[in-house]
Amino acid sequence: MNKIKVLVVDDSALVRNAMSEILSSDPALEVIDTALDPIIAIEKIKKNVPDVITLDIEMPRMDGLTFLKKLMAKKPIPVVICSSLTTKGSDKAIEALQAGAVDIITKPEMGKKQFFEESKIRICDVVKSASMVKVKARSSAKIDVKPKLNADVILSKPKYTNKIRTTEKVILIGASTGGTEALRFLLKDFPVNSPGIIVVQHMPEFFTTSFANSLNKLCPTEVKEAENGDIVKSGQILIAPGNKHTLIKHNGSHYFVEVKEGPLVSRHRPSVDVLFRSGARYVGQNAVGIILTGMGDDGSKGMLEMKNAGAYNIAQDEKSSVVYGMPKEAAKVGAVDDILSLNQILKKLISKKIVY
């Protein structure tokens, strides 16, 4: 079996060496070269085309975002953004995902053993997942942003007299590689009176804040990063924060989220399995599970528990998935009621009167 060829592009020699060491430790991966900036990377790609590029954003001569846009327009190659844990870096990384990058990883910290071992798992998994993605040349088309409804509009609808009313049905969504764009496509059309929604998207900490903010600008519903104790409300989408697990629990008349530390589950933190298992336990037949594109099997066990508890579950189909891993595994264990294309999911929820 041929190894996955990787080109590491970063202006820091320390990061290039660390990334090379991490990637070379996986027998499925081979670092064919490194480059300290995109100009050098362009010349190296001409001689030896990699299967995946790991790309820093802040670099001399040409920044990573400019390089990414040029690459996606002329010679699409799967790109994984390798970014620092900063607010500025996370905003740029989310912009890179919208420009065609496949996923995000954080730069390894060699001095922290646990962090290094866990980041090693994510880095290798993400690069292997990226190699499965068939990237296409990107157009400049933008998704229409729907204006948020103001309070007067919401209050004029008798059925939903309180925007922050608690919800009975709860929609739980899990996604990984390709999930950021799938979620943008799916959630932009959810009406403001939708049931409460909780999303686990495999993504490092800080980046989930930027991702939630970008979705909040796009969607008519309110989107925010989940905080411990947040009530699950109609018309609100909560994004699980990176590097922490998010669970849903029930307290008297309402559902709320618990955000907590913990070990990797199904090789991830946050883990879809953790969210789905809590949905099975605390929401039961009022839960709706949706599993989207991504590599691996995170979410399949939890989704089966949800189905056994009476939940209704949907998996994204192979054709519309960037990587048909997580939905496939959930279907394989019998956890799924319907397998649908991305553009059919909301229609199905409306037809079943889960969303109005």
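The values are calculated or read from the model by the stated rules, or taken from the named source; none is laboratory data. Values in this document were obtained by computation on a predicted structure and should not be read as measured data. When we count neighbours, we look across all protein chains shown, and the Cβ atoms used for this are built from the backbone with ideal geometry, even at glycine. To get the accessible areas, we keep the full protein, side chains included, count just its heavy atoms, and leave off ligands, DNA and RNA. Shrake-Rupley method; radii C 1.70, N 1.55, O 1.52, S 1.80 Å.
Per residue, how much accessible surface does the chain expose to a 1.4 Å probe? Answer in Å², no decimals.
Accessible area per residue, the chain: 44 Å².
Within the chain, antiparallel bridges make up roughly 20 percent of the DSSP beta bridges whose residues both belong there.
Rounded to the nearest 500, the 222 nm mean residue ellipticity of the chain from helices alone is -10500 deg cm²/dmol, with -39,500 (n - 2.57) taken per DSSP H run of at least 4 residues.
Overall, the accessible surface of the chain at a probe of 1.4 angstrom is composed of carbon and sulfur to the extent of 51 percent. Each residue of the stretch 73-79 was assigned a 3J(HN,Hα) from its phi angle through the Karplus curve 6.51 cos²θ - 1.76 cosθ + 1.60 (θ = phi - 60°); the sequence is 7, 10, 9, x, 9, x, 10 Hz, with glycine and proline shown as x. Couplings 3J(HN,Hα) of the stretch 94-109, computed from phi: 5, 4, 5, 4, 5, 8, x, 5, 7, 7, 10, 10, 9, 5, x, 10 Hz, in residue order, whole Hz [Karplus 6.51 cos²θ - 1.76 cosθ + 1.60, θ = phi - 60°; x for Gly and Pro]. Placing a pseudo-label 7 Å from each Cα along the Cα-to-Cβ vector at ALA137 and GLN285 gives an inter-label distance of 5.4 nm.
Under 5 Å between amide hydrogens, built in the peptide plane, is the criterion, and for VAL232 it picks out TYR255, PHE256, VAL257 among residues at least 5 positions away or on other chains. Taking the charge dipole of the chain about its Cα centre, with +1 at Lys and Arg Cβ atoms and -1 at Asp and Glu Cβ atoms, the residue from ASN228, ASN2, LEU71 reaching farthest to the positive side is LEU71. Contact order normalised by length for the stretch 278-345, with contacts defined as Cα pairs under 8 Å and 6 or more residues apart; what percent is it? Dividing the mean separation by the residue count of the stretch 278-345 yields 36 percent.
Hey, got the dipole for the stretch 181-230? About the Cα centre, +1 on K and R Cβ, -1 on D and E Cβ, debye to the nearest 20?
Values: 4 positive and 7 negative charges, 41 e Å.
Computed charge dipole of the stretch 181-230: roughly 200 debye.
Report the residue, chosen from LEU65, LEU238, LEU186, that carries the largest GNM mean-square fluctuation when the chain is represented by alpha-carbon nodes joined by springs under 10 Å. With Cα springs under 10 Å in the chain, the top fluctuation among LEU65, LEU238, LEU186 is at LEU186.
Residues in the stretch 122-129 carry Karplus couplings, in order, of 5, 4, 5, 4, 5, 5, 5, 5 Hz; the curve used is 6.51 cos²θ - 1.76 cosθ + 1.60 with θ = phi - 60°, and Gly or Pro positions show x.
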